[in-house]
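Participant: Below are the structure tokens for one structure; questions will follow.
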Amino acid sequence: MKADPHAIDVYLAVGSVMDMRVELTQYNVAGPFYLTAEHEQYFLEWYLHRAAVKVAGVFPSTFWESLVLQASSREPAILHAILALSAAHKQGMQDPLSSDVGNFTVDQQQKFMFQHYIKAIRYLQPFLSTQTLESMHVALIFCLVSLCLEVTRGQYATCQVHLQSGMKLLKQIADHSQPDDMDIIVPGSAYAFLNDDLIGAIFRLNIYSALFGHHSEQRYFVLCGIASEHLPGAFSSLKQARKHLEGLLGDIHFLSEQYYLRESQSSSNPLSELSCHQERIQAALVAWLRTYNASRIHSDAVPESRDALADQLLRVYHTMATIMASSAMPSTGELTFDQHTEAFVSMIVQILDILKCASAITASHLISGHCTQRFSFTADMGIILPLYYTAIKCRVPGIRRQAVELLRFHTHKEGLLDGQLAARIAEEVLRVEEGSFFQNMLIPDSLPVDSIPSVEDLAVPVLPETNRICRVQVMLPSEATDKVVIFLTRRMEEGWYETIQREC
């Protein structure tokens, strides 16, 4: 079977390769540092024992644990890509003031990473000119590995290119299922030749990026159509529970975008149809929690284990999804979020428990030498998105500031989400929304980062609707240290929408 002739693009060949060649010139790759089998073995070991575990996150992943290694034994493009990822990951975990990183100087490690990254892209080129299922599989593996590499380097604009390329390819593979909807992907049998964890990882990065508000020229909506009657009697694994919940998050995002389009651009989408969609999603969320609680997968989790973390994360995301679904078509505008203050507090409490559990796991990894406290990256579900959502949607000053502080001091990188960038964006939203509204009121500027909000903390004046931002769009910076451009939209009293641009 052959793929669609347009299914494979040289999706970043010109831009990224040229950028890397410039950087290679800076680091004088042609200099006296020569690669040996010993160097490559060192970084393969790093991938096996450190990078793969960290990148996969708390849920098991056949992609990171086995598929990538199997592909690297057959395809040089994948082998060189994971060597480059390992070098970048190792560098991220080292003290930036240190001039020596194990067997390499910082300069040598940079050279190693760039050399293998360019080799990977060169070996990929033949796959970009053929039209087979194998070519698409290799291209998607390369896409995901390279995206993670660019995240560790802080090259967020390039990360977005990789993600868009992966989504475009997945769209083209399944194009026959939705030929008239250029931005909609309905997963189905067309993906049978692909690894489930590979597809799931790309879809996951896409939905979390979209929910965060990352701006892109082409948006893709993954609609799984998961209704309450489609759920099993019990989930067989934490991964299965996550898959169903993320499908619902995709449906919620699509509903929210359709409603915003209808309100802001006079779309013809019937409100009754959207209301029915919302009711189905809410019913499915109730059914998901009932099914999850009926499953033994969470009760069997050992305390302070990866499974325990996964269980806590799923519950946080279900709470967030419930708020999102309820407020997707707000009859009272942004004021509707004031009805969910207890749910926001619940998320903060659950995240504090997650951090306690994670610190115990991290401590054991520190003792064993498998990680440092300086850097953490996962391509999986994490706490950045729920904290960010709390910071921009909960209008209780103390709670949202606590969420910002947790973002700043207790998160690193999750997919395309950066905790430090998220904190900066949330702070700018706070400044724009609140202005001087709380200036003369006895309201704490923030709560202790590890405290649980009290009744007194929640008793605050209501922030006016016209102050509130209903939509945040983020232009990813090229570098983590660059300014972030954000577009903040709010609905005015007359019913029209105002969008302002800020840098932070």
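Participant: Output the number of residues of segment 460-504 satisfying the condition of being touching a Gly at 6+ places or on another chain (Cβ under 8 Å), among the basic types (Lys, Arg) and not in a loop (DSSP other than H, G, I, E, B).
Facilitator: Residues flagged as touching a Gly at 6+ places or on another chain (Cβ under 8 Å), among the basic types (Lys, Arg) and not in a loop (DSSP other than H, G, I, E, B) within segment 460-504 amount to 2.
Participant: Restricting attention to segment 321-330, does a residue exist that is surrounded by fewer than 22 Cβ atoms within 10 Å (Cβ to Cβ) and either modelled with pLDDT under 95 or within 18 Å of LYS54 (Cβ to Cβ) (or both)?
Facilitator: Within segment 321-330, one or more residues are surrounded by fewer than 22 Cβ atoms within 10 Å (Cβ to Cβ) and either modelled with pLDDT under 95 or within 18 Å of LYS54 (Cβ to Cβ) (or both).
Participant: Now for a different question. Could you tell me how many of the residues in segment 131-169 are farther than 22 Å from VAL186 by Cα and in a helix (DSSP H, G or I)?
Facilitator: Going through segment 131-169 one residue at a time, the tally reaches 14.
Participant: Here is a further query. Suppose the filter is closer than 22 Å to LEU163 by Cα, of a type in the set (A, V, I, L, M, F, W, C) and surrounded by fewer than 20 Cβ atoms within 10 Å (Cβ to Cβ); does CYS224 pass it?
Facilitator: Yes, satisfied.
Participant: Tally the residues that are without any contact (Cβ under 8 Å) to a residue 60 or more places away in the chain, under 23 Å from the mean Cα position of the chain (by Cα) and closer than 15 Å to CYS224 by Cα, restricting the search to segment 255-281.
Facilitator: Residues in segment 255-281 being without any contact (Cβ under 8 Å) to a residue 60 or more places away in the chain, under 23 Å from the mean Cα position of the chain (by Cα) and closer than 15 Å to CYS224 by Cα: 1 in total.
Participant: Only residues that are under 17 Å from GLY57 (Cβ atoms) and in contact with a Cys (Cβ under 8 Å, 6 or more places away or on another chain): list them for segment 401-434, please.
Facilitator: LEU416
Participant: Separate question: Provide a single number: the residues in segment 74-121 that are among the polar types (S, T, N, Q), modelled with pLDDT under 90 and part of a helix (DSSP H, G or I).
Facilitator: Of the residues in segment 74-121, 4 are among the polar types (S, T, N, Q), modelled with pLDDT under 90 and part of a helix (DSSP H, G or I).
Participant: Report yes if PRO32 is out of contact with any Lys or Arg (no Cβ under 6 Å at 6 or more places or on another chain), modelled with pLDDT of 90 or more, on the phi < 0 side of the Ramachandran plot and in a loop (DSSP other than H, G, I, E, B), otherwise no.
Facilitator: Answer is no for this residue.
Participant: Looking only at residues in segment 396-427 that are outside any helix (DSSP H, G or I) and closer than 17 Å to VAL349 by Cα, which one is nearest to the chain's Cα centre (by Cα)?
Facilitator: Among those that are outside any helix (DSSP H, G or I) and closer than 17 Å to VAL349 by Cα, it is THR411.
Participant: Additional query: What number of residues within segment 278-314 satisfy the criterion of being β-branched (Val, Ile, Thr) and either in contact with a Pro (Cβ under 8 Å, 6 or more places away or on another chain) or in a loop (DSSP other than H, G, I, E, B) (or both)?
Facilitator: Adding up the residues that qualify gives 3.
Participant: Do we find a residue being in a strand (DSSP E or B), under 14 Å from the mean Cα position of the chain (by Cα) and modelled with pLDDT of 90 or more anywhere in segment 203-214?
Facilitator: Within segment 203-214 (the criterion being in a strand (DSSP E or B), under 14 Å from the mean Cα position of the chain (by Cα) and modelled with pLDDT of 90 or more), the answer is yes, since at least one residue qualifies.
Participant: Considering only segment 374-402, how many residues are of a type in the set (Val, Ile, Thr), farther than 18 Å from PHE203 by Cα and at pLDDT below 95?
Facilitator: Result for segment 374-402: 2.
Participant: State which residue pairs qualify: first residue over 11 Å from ARG74 (Cβ atoms) and inside segment 129-142, second residue among the basic types (Lys, Arg) in any location, beta carbons under 7 Å apart, and separation of 6 or more residues or different chains.
Facilitator: The qualifying pairs are GLN131/LYS2; THR132/LYS2.
Participant: Filter segment 195-215 down to residues that are over 18 Å from LEU249 (Cβ atoms) and surrounded by fewer than 20 Cβ atoms within 10 Å (Cβ to Cβ), then give me how many there are.
Facilitator: Number satisfying all stated conditions: 1.
Participant: Under 9 Å between Cβ atoms, which residue pairs at least 6 apart in sequence (or on different chains) link something in segment 412-434 that is within 13 Å of TYR156 (Cβ to Cβ) with a partner that is of a type in the set (A, V, I, L, M) and assigned to a strand (DSSP E or B)?
Facilitator: Short answer, once both residue conditions are applied: LEU421/VAL474; ILE425/VAL472; ILE425/VAL474; ILE425/ILE486.
Participant: Which count do you get for residues in segment 480-504 that are acidic (Asp, Glu) and on the phi > 0 side of the Ramachandran plot?
Facilitator: Residues meeting the conditions: 0.
Participant: Taking the conditions exactly as written (of a type in the set (S, T, N, Q) and free of Cβ contacts under 8 Å to residues at least 12 places away in the same chain), does SER478 satisfy them or not?
Facilitator: So SER478 fails the test.
The values are calculated or read from the model by the stated rules, or taken from the named source; none is laboratory data. From a predicted model like this one, the values you see are computed outputs, not experimental measurements. A quick note on method: Cβ atoms are made from the backbone with ideal geometry, for glycine too, and the neighbour counts reach across all protein chains shown.
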